[in-house]
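Q: Quick one: this structure, given as structure tokens, is what I'll be asking you about.
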Amino acid sequence: MHRARRIARFVVIVQTVLFLAHFLFYQTWTFSAQDSPRETLWIKVVLGLLSVSFVAASLLAFRYTNAAVRGLYKLASVWIGLVSFLFLATLAAWIVFGIAQLSGAALPFHRIVEALYSAAVLAGLYGVFNANWTRITRTTVKLANLPEVWRGRTAALISDVHLGHVRNGSFLRRMVAKILKEEPDLIFIAGDLFDGTAIDAGRATEPLKKLTAPHGVYFVAGNHEQFADDSKYLRAVADAGVRVLDNEKVEADGLQIIGVPYRNATQDGHLASALQRIGVDRERASILLLHAPDRPHIAEAAGVSLQLSGHTHLGQFIPWSWMAQRIYRKFVYGLSWIGKMQVFTSSGAGTWGPPLRLGSNPEIVMLEFQ
């Protein structure tokens, strides 16, 4: 009951914010426009429907998985991404208006709004295109005490696929084909394979049955798998032949591979206890698969050599990319150091919420060990 109340309160807050944003768009567009009363009415109706589209589609998406719901959710998700760009365009328009008023300049406000809103929509549409263009990112990682046999070998890292109403089995199939083309020795899936919306998990993970590597394919759960009961997701991944790491360590030709799911790494003490129970050999190279780069100091203190994470999406697009960088700082993306440990954070292959990327690219990471 308490959880249901929290969810209801969150939904109300989000919907209120969206109402206010769309009301601001309406006021900005009609401020100095010469629209007829009929045109103004249509603008009200369209913006009113758009303002509730994402919340309504999201509520349906967590219960149903038919074609109509998937289509509505995709359209609403694209729109909510455009809202972010339109909001920035609105702020820019009013700033220009304020400067013009203070300086006594006469500017065609509605023309400025038209230009800024057009630019916002174009930026959003490019973001949709960019989110579907997955790159291969290559980096070299030098690890102390790396077994000689691992020098020159490669590992593929993929995270944040977010299978659900926007990305599905066909998207995962393309990712699998790209990974296999690289012929990696190891494959890591760093959580959030699923979005958390209603889905046939077994059917969605069918492409993983073709994902193989000489030294194994490993998965660790992310926050989206663990919003509630994660058993159906973990079972689907395991049934596809992928090794699910749940607070455990495995050996791969002398290399320690450790996996801690998101739920066991939400607090310093929880992660420290999990790593202590697992038992990391500090004298040998080790790789920790952990969904979020939230507590790298704990992993470094435990003697881990390399942590592989995702979760941040590099913010996906402005203004959220600014927030992500402020929260995660140097660990928001790419290879970084903390003490003697390295952390590689991927921007992810998929998207969450708006299927847009601007200022971040979807990727599969290829790591070469030295």
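Where a number appears in this text, it was derived from the coordinates with a stated rule and is not lab data. In this text the structure is predicted, and so the values were computed from the model without any measurement. FYI the Cβ positions are ideal-geometry reconstructions off the backbone, even for glycines, and counts take in every protein chain you see.
Q: Can you figure out the FRET efficiency of A92 with E368, using R₀ = 51 Å and their beta-carbon distance, to the nearest 0.05?
A: Details: r = 43 Å, r/R0 = 0.85.
Using R0 = 51 Å, I get an efficiency of 0.70.
Q: What angle, in degrees between 0 and 90 and rounded to the nearest 10, separates the Cα long axis of helix 268-278 from the longest principal axis of the Cα atoms of the chain?
A: 30 degrees
Q: Hey, in the GNM for the chain with a 10 angstrom Cα cutoff, which one of L211, L146, L24 fluctuates hardest?
A: L24
Q: Evaluate the relative contact order of region 162-204 (contact order divided by residue number), counting alpha-carbon pairs under 8 angstrom at least 6 apart; express in whole percent.
A: This gives 72 percent for region 162-204.
Q: Okay, moving on. Kindly state, to the nearest 0.05, the FRET efficiency for L24 paired with K181, given R0 = 45 Å and r defined as their beta-carbon distance.
A: Working: r = 47 Å, r/R0 = 1.04.
The pair L24/K181 has a calculated efficiency of 0.45.
Q: From the phi of every residue in region 199-204, what ³J(HN,Hα) in whole Hz does the Karplus formula 6.51 cos²θ - 1.76 cosθ + 1.60 yield, where θ is phi - 60° and glycine or proline is x?
A: 7, 7, 4, x, 5, 5
Q: Oh, and also: Report the charge-dipole magnitude of region 2-131 in Debye, nearest 20, computed about the Cα centre from +1 at each Lys and Arg Cβ and -1 at each Asp and Glu Cβ.
A: 740 debye
Q: Please give, to one decimal in nm, the separation of the simple spin-label points placed at I7 and L125, each 7 Å out from Cα toward the Cβ.
A: The answer from the label model is 3.7 nm.
Q: Counting other beta carbons within 10 Å of each residue's own, what order do W352, W133 fall into, fewest first? Display every interim value, and only then the final one.
A: Numbers: W352 19, W133 10.
Going from least to most buried by this count: W133, W352.
Q: Okay, next question. Counting Lys and Arg as +1 and Asp and Glu as -1, what is the net charge of the other residues whose Cβ lies under 13 Å from the Cβ of V220? Show your work: numbers first, answer last.
A: On the way: positive: R243, K249, R263; negative: D160, D192, E225, D230, D246, E248.
Here the count lands on -3.
Q: Distance cut-off 28 Å, Cα to Cα: go down the list K249/K340; K142/K178; K74/K249; K142/K181 and report the pairs above it.
A: Working: K249/K340 20 Å; K142/K178 25 Å; K74/K249 39 Å; K142/K181 24 Å.
With Cα atoms farther than 28 Å apart: K74/K249.
Q: Let me ask something else about it. If I stretch the segment between N361 and L335 completely, what's the gain in nm (0.36 nm per residue apart, minus their alpha carbon distance), one decimal? Intermediate results must be reported in sequence, preceding the final value.
A: Values: separation 26, 0.36 × 26 = 9.36 nm, distance 1.56 nm.
Fully extending the segment from N361 to L335 adds 7.8 nm.
Q: Would you mind checking which residues have amide H under 5 Å from I338's amide H? H placed 1.01 Å from N; only 5 or more apart, or other chain.
A: Distant-sequence amide H within range of I338: V343.
Q: Separate question: Take each of the peptides 294-302, 342-350, average the number of other beta-carbon atoms within 10 Å over its residues, and list them starting from the highest.
A: Details: 294-302: 20.6, 342-350: 25.9.
Those peptides, ordered most packed to least, come out 342-350, 294-302.
Q: Still on this structure: Quick one: if you stick a label point 7 Å off each Cα along the C-beta vector at A67 and K209, how many nm between them?
A: 2.5 nm
Q: Normalising by the residue count of the chain, find the relative contact order in percent from Cα pairs under 8 Å and 6+ residues apart. If you can, show how the numbers build up before the last one.
A: On the way: 699 pairs, mean separation 73.9, N = 370.
20 percent.
Q: When ranked by the protection proxy of mean other Cβ atoms within 10 Å per residue, highest first, what sequence do the peptides 166-175, 30-39 form? All intermediate terms of the calculation are to be shown ahead of the outcome.
A: Working: 166-175: 18.1, 30-39: 11.3.
Ranked by mean Cβ neighbours within 10 Å, highest first: 166-175, 30-39.
Q: Against the longest alpha carbon principal axis of the chain, how many degrees, from 0 to 90 and to the nearest 10, is the axis of helix 2-30 turned?
A: 40 degrees
Q: Place the peptides 90-102, 325-337, 306-318 in order of packing, highest mean first, counting for every residue the other Cβ atoms within 10 Å and averaging per peptide. Walk me through the numbers before you get to the answer.
A: Working: 90-102: 14.2, 325-337: 16.2, 306-318: 25.4.
Result, highest mean Cβ count within 10 Å first: 306-318, 325-337, 90-102.
Q: Continuing with this model, one more query. Enumerate the calculated ³J(HN,Hα) couplings along region 335-343 in order (Karplus 6.51 cos²θ - 1.76 cosθ + 1.60, θ = phi - 60°), each rounded to whole Hz, writing x wherever the residue is Gly or Pro.
A: In residue order, the calculated couplings are 8, 9, 10, 9, x, 9, 9, 9, 10 Hz.
Q: On a 0 to 90 degree scale, rounded to 10, what angle separates helix 37-61 from the longest Cα axis of the chain?
A: In the chain, helix 37-61 runs at an angle near 20 degrees to the longest axis.
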